[in-house]
Amino acid sequence: MTDLTTVLAQLQDQRKQAKREVEKLDEAVAAITRLVARNGAGRTGAGRGRRRLSVAARKRISMAQKARWAKVRAKQEKKAA
């Protein structure tokens, strides 16, 4: 019986230590959560609105796409001829 009493006491001590560790982890999680909430880190782009391209950027994209299509058409004309 003495062995069981000793084992029970050890288990209770380990349980107390684990409980203290969980409490420390909860505090750490809460602190990090407050930091994230304060500086806005971790936010998704949902509230940011739509991104706009400058006129120059749209023109570059347009010209690049036109060049791609011209290349495709040129290959098709070579195959047809």
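Readers should treat all values here as calculations from the given coordinates under stated rules, not as data from a laboratory. Since this is a predicted model, take the numbers as computed values, not measurements. Here the Cβ positions follow ideal geometry from the backbone for every residue, glycine too, while neighbour counts run over all protein chains shown.
General observations
- In straight-distance terms, cross-link reach from residue 78 covers every one of the lysines whose alpha-carbon lies under 27 Å from its own, apart from those fewer than eight places away in the same chain; here that gives 66.
- Qualifying lysines (Cα of each under 19 Å from Cα of residue 24; at least 8 residues distant if same chain): 16
- Partners for residue 59 among lysines (Cα-Cα distance below 21 Å; same-chain residues under 8 apart left out): 71
- Projected area, mean over directions - the chain, Cα convex hull, nm²: 14.4 nm²
- Distance (nanometres) between label positions extended 7 Å along Cα→Cβ at residue 65 and residue 22: 5.6 nm
- Angle in degrees between helix 2-39 and the longest Cα principal axis of the chain, rounded to the nearest 10: 30 degrees
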